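The values are calculated or read from the model by the stated rules, or taken from the named source; none is laboratory data. Remember, predicted model here, so these are calculated numbers, not experimental data. Cβ placement follows ideal geometry from the backbone for every residue including glycine, while neighbour counts extend to all protein chains displayed. Side chains are part of the model used for accessible areas, which takes the heavy atoms of the whole protein and leaves out ligands, DNA and RNA. Shrake-Rupley method; radii C 1.70, N 1.55, O 1.52, S 1.80 Å.
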Amino acid sequence: MFTGIVEELGEVVAVTETAADSALLALRGPLVTTDARHGDSIAVNGVCLTVVGVDGGVFTADVMGETLRRSALGALRPGAPVNLERAAALNSRLGGHIVQGHVDGVGEVLSREPAPQWETVRFRLPAALARYVVEKGSITVDGVSLTVADVGPDWFAVGLIPTTLALTTLGARAVGDPVNLEVDVLAKYVERLLADRLPAGGGR
């Protein structure tokens, strides 16, 4: 489990294809590797990956075909910046919200509107995820816990403060860039629980 509070802006060192639909990522992250061991979880742009090796400030992680197809990790190239976060400890503060590191879909940057103290960024929202996104609710974009400022039928907008712009990949994302999206898992559980209790069609 993660909190969506990015610890470090890392960098892709290498992407090595290990099979037709899998790859080995090497990522530089001096902070997140200080206590990293084989088998630990580190979120990379919001995707929970398992550490398979550590060498100095660089760790490696296997990425299966399913992950490459359902996230934007397949577009990563050497030199690309990435948001990194170690798994949350039970005694740590929950600064963001509960994040699983399981990407629900890929969105796209639609527009950016700079303001003196923040920037409003609008993202395309896949139709299958629209029902889970509400104004003032939580959403994870490339591993960053954010509050939804506005929402439409196929888009949502967030306000990014200077710290988020400077210390995460969201500060450099351009219009058209893909982003990993994870909706609030609580919304999915509520939907499932209600579906089991309501008659077909949602009537009483």
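Computed per residue of the chain from DSSP H runs no shorter than four, each worth -39500 (n - 2.57), the mean residue ellipticity at 222 nm is -3500 deg cm²/dmol. Comparing VAL175, VAL121, LEU186 along the charge dipole axis of the range 43-200, the residue lying farthest to the positive side is LEU186, per the Cβ-charge model. For the pair ALA14 and ARG93, label points projected 7 Å from Cα toward Cβ lie 4.0 nm apart.
For ASP177 and ASP21, calculate 0.36 nm times their separation in residues minus their Cα-Cα distance, and state this gained length in nm to one decimal.
Full extension of this stretch gives 53.9 nm more.
Overall, the chain carries a charge dipole of about 480 debye about its Cα centre when +1 sits on the Cβ of Lys and Arg and -1 on the Cβ of Asp and Glu, all other atoms neutral.
Note on the range 94-156: with charges restricted to the Cβ of Lys and Arg (+1) and Asp and Glu (-1), its dipole about the Cα centre is near 80 debye.
Centroid-to-centroid, using Cα positions, the range 130-147 and the range 164-183 are 13 Å apart.
What's the angle, to the nearest 10 degrees (0 to 90), between helix 185-197's Cα axis and the longest principal axis of the chain? Approximately 40 degrees, to the nearest ten. Remark: the range 61-111 carries a charge dipole of roughly 120 debye about the Cα centre, counting +1 on each Lys and Arg Cβ and -1 on each Asp and Glu Cβ. Stokes-Einstein, applied to the Kirkwood radius of the range 98-204 over Cα pairs at a viscosity of 0.890 mPa s and 25 °C, places its translational diffusion at 168 µm² s⁻¹.
Here, the range 1-98 is characterised by an Rg to Rh ratio of 0.95, where Rg is the alpha-carbon radius of gyration and Rh the Kirkwood radius. Accessible surface of the range 1-97, 1.4 Å probe: 52 percent of it comes from carbon and sulfur atoms.
Accessible surface area normalised per residue over the range 66-204 is 56 Å², counting heavy atoms of protein chains with a 1.4 Å rolling probe.
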